[in-house]
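Note sheet for the following structure.
We did not get these values from a lab; they are worked out from the coordinates using the rules stated. Values in this document were obtained by computation on a predicted structure and should not be read as measured data. Please note: Cβ atoms are built from the backbone with ideal geometry, for glycine as well, and neighbour counts cover all protein chains shown.
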Amino acid sequence: MNALETIIIAIVEGLTEFLPVSSTGHMIIAQSLLGVESTPFVKAFTVIIQFGAILSVICLYWKKFFYPTAERSGVSYWKAMYDFYARLVVGVLPAVVLGLAFNDFIESNLGNVTLVAVMLIIGGVFMLFCDRIFNKGSEDTKLTYKRAFTVGLIQCISMIPGVSRSMATIVGGMSQRLTRKAAAEFSFFLAVPTMFGATCLETYKLISHGDGSLLTQGNNLEMLLLGSVVAFIVAILAIKFFISYVTKYGFAAFGWYRIIVGLIIIACALCGIELKMVD
């Protein structure tokens with residue numbers, strides 16, 4: 001990949017990773033339009049640059065991650081830290097267990113572009129009505145361990161390509177009577193350990209690939225650094241926009257957008273334009 005292709009793919013990643021629109025569907029379109037071949041490095045690249053997106057969440061919500069007592073009076077520092085991270089562990093656990101159990105099956109049987117398009121459309125239709133279905137969110141609702149675990153279970157639906165991890169976790173949070181903002185923020189927090197684990201795994205694969213490290217071949221390392229920086233900047237802007245927009249207007253616009261993207265993918269397939277899965 002050259003620098004321009006790297007920047008475009010990183011922008012797509014940064015924009016779509018935290019929005020409920022399926023980053024997979026957008027990466028399929030972006031790579032096909034750019035003519036980027038899905039090599040082992042490119043596949044790893046689309047995952048590793050998520051590190052930049054991870055840092056954007058930590059940067060925006062640093063008090064939550066490092067000094068949670070700043071937002072909670074009468075609670076000790078270590079108690080607040082334990083409460084925050086314990087809920088993250090509980091929320092991530094279902095995805096870790098089910099991901100390890102079914103990853104090979106999903107990659108072998110569900111990794112096709114048509115399914116991505118169909119799930120984009122189905123998810124889009126659902127998002128048109130989710131504000132009406134889950135309209136009992138309250139600022140007084142506490143994120144208990146049970147609620148965190150339930151959101152984590154619902155997150156596992158996003159193992160189906162095209163569903164969107166962000167959409168699944170946000171809807172999961174709203175189903176537990178969290179407000180739209182609280183559900184979206186917990187979705188961001190859950191993304192950090194999930195994406196960090198995936199980034200570490202893909203980095204290890206690059207380092208140990210074949211007879212040598214793909215990480216140091218050509219300009220691969222420079223492109224990874226560039227992509228991570230771009231993804232970091234774009235993700236910060238995307239998160240700020242999303243929180244502001246969804247708090248005021250809800251999810252209907254994202255539903256229509258998903259439907260349009262899904263139809264575009266189907267139209268490309270019907271016109272004989274070859275689209276390939278990115279991972």
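Results, tabulated for the structure shown:
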quantity	calculated
Long pairs among Lys205/Lys240; Lys43/Lys248; Lys146/Lys181; Lys43/Lys136; Lys181/Lys276, criterion Cα-Cα beyond 31 Å	Lys205/Lys240; Lys43/Lys248; Lys43/Lys136; Lys181/Lys276
Ranked packing of 182-189, 231-238, most packed first, by mean Cβ within 10 Å	182-189, 231-238
Axial C-alpha extent at least 18 Å, average Kyte-Doolittle at least 0.5 - helices from the chain (DSSP)	3-16, 77-109, 113-133, 180-207, 220-249, 252-270
Helix-only [θ]222 nm of the chain, DSSP H runs n ≥ 4, -39500 (n - 2.57) each, per residue, nearest 500	-24500 deg cm²/dmol
Assigned charges on the beta-carbon of Lys, Arg, Asp, Glu; the chain dipole about Cα centre (debye)	1280 debye
Calculated Cα extents along the principal axes in Å (choose from (i) 55, 40, 35; (ii) 49, 45, 41; (iii) 93, 52, 34), label	(i)
Span from the the stretch 1-34 Cα centroid across to the the stretch 232-279 one, whole angstrom	10 Å
